[in-house]
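> The structure's right below; bear with me while I get my questions together.
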Amino acid sequence: MPYAGKKERSLVMIKPDGIQRSLIGEVIKRFENMGLKLIAMKMLVPTVEKIEQHYTLDPNWRRVTGEKTIKGYKDKGMTPPSEDPFEITAKILAGLKKYMTSGPVVAMVWEGAHVIKIVRKLVGGTEPLTSDVGSIRGDYVLDSYEMSDADGRAIRNLIHASGSVSEAEMEIKHWFTPEELISYRLVQEEILYDVNLDGILE
């Protein structure tokens, strides 16, 4: 039976620092080279309200992000700024709102098999310093949690990418109308997905 998840979708956003670093083409090239299909794209300067809504689409985001941050500090042998996950997330969200509204962003929807995992692999971990060489963040950013915390700002990591299929569905609806998602065929899909590679030879 053919694999059913060939049209999985992910929201990807090139953040203001990615725009300022002139990395739009490089990011798109990485995803296209992998075989993913771009089905929507727009450039805009988000409002503070739009960014707050984006990060709180998941009602558990504040608690989970705060808990992960506290654990991250302790795993590195550091003392977290607070033991209250909601207090930590309030600071994180304030930094994100300032960062994400500082200039234009490019919002995109990418489609393809395993797109969530593939995009996350190509982008790299949230902290550029510990992202693998070969990932976008690992290759193009030198920021770290230590530096961003000391500066009292959000970490500058170039890109946002959906973390799960359900998260992607919420985020895509938040940034795009159904009419903005373009359904079309790419010739390369025959090579990537056709079971028998029929039609190559005349």
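What follows draws every value from the coordinates through simple rules; no lab data is involved. Computed from a prediction, not measured in an experiment: that's the story for all the values here. Note that each Cβ is placed from the backbone with ideal geometry, even for glycine, and that neighbours are counted across all protein chains shown.
> Under a Cβ-Cβ cut-off of 13 Å, what is the net charge of the residues other than S131 that fall near it, where Lys and Arg count +1 and Asp and Glu count -1?
Numbers: positive: R120, K121, R137, R156; negative: E127, D132, D139, D143.
Around S131, the surrounding residues sum to 0.
> Along the three principal axes, how long is the stretch 10-89 when you take its alpha carbons, biggest first, rounded to the nearest angstrom?
Cα extents, longest axis first: 41, 30, 24 Å.
> Could you compute the FRET efficiency for M78 and Q20, with r as their C-beta to C-beta distance and R0 at 35 Å, rounded to 0.05? Provide the component values of the computation, followed by the final result.
Numbers: r = 30 Å, r/R0 = 0.85.
Rounded to the nearest 0.05, the efficiency is 0.75.
> In debye, nearest 20: dipole of the stretch 47-194 around its Cα centre with unit charges on the Cβ of K, R (+) and D, E (-)? Let's see the in-between values first.
Details: 18 positive and 24 negative charges, 77 e Å.
Dipole size: approximately 360 debye.
> Do the sum for the chain: with -39,500 (n - 2.57) for every DSSP H run of n ≥ 4, divided by all residues, what is the mean residue ellipticity at 222 nm, to the nearest 500 deg cm²/dmol? Kindly include the intermediate steps, with their values, before the conclusion.
Values: 10 runs with 93 residues, N = 202.
So the calculated ellipticity at 222 nm is -13000 deg cm²/dmol.
> Antiparallel as a % of all DSSP beta bridges within the chain, to the nearest 5?
Values: 16 of 17 bridges.
Antiparallel: roughly 95 percent of the beta bridges in the chain.
> Moving on to the next point. Given the C-alpha centroids of the stretch 157-174 and the stretch 50-108, what is the distance between them in whole angstrom?
Spelled out, the Cα-based centre of one part sits 15 Å from the other.
> Share of Cα-Cα pairs in the chain beyond 32 Å, in percent? Don't skip to the answer; put the middle values down first.
Working: 4018 of 20301 pairs.
The answer is 20 percent, as a whole percent.
> Identify, among F86, S183, P16, the residue whose Cα sits farthest towards the positive end of the charge dipole of the chain, taking +1 on the Cβ of Lys and Arg and -1 on the Cβ of Asp and Glu, with the dipole about the Cα centre.
Checked the options; the winner is F86.
> Any idea what the relative contact order of the stretch 99-202 is, in percent, if you count C-alpha pairs under 8 Å spaced at least 6 apart? Mind showing how you got there, number by number?
On the way: 74 pairs, mean separation 20.7, N = 104.
Across the stretch 99-202, relative contact order equals 20 percent.
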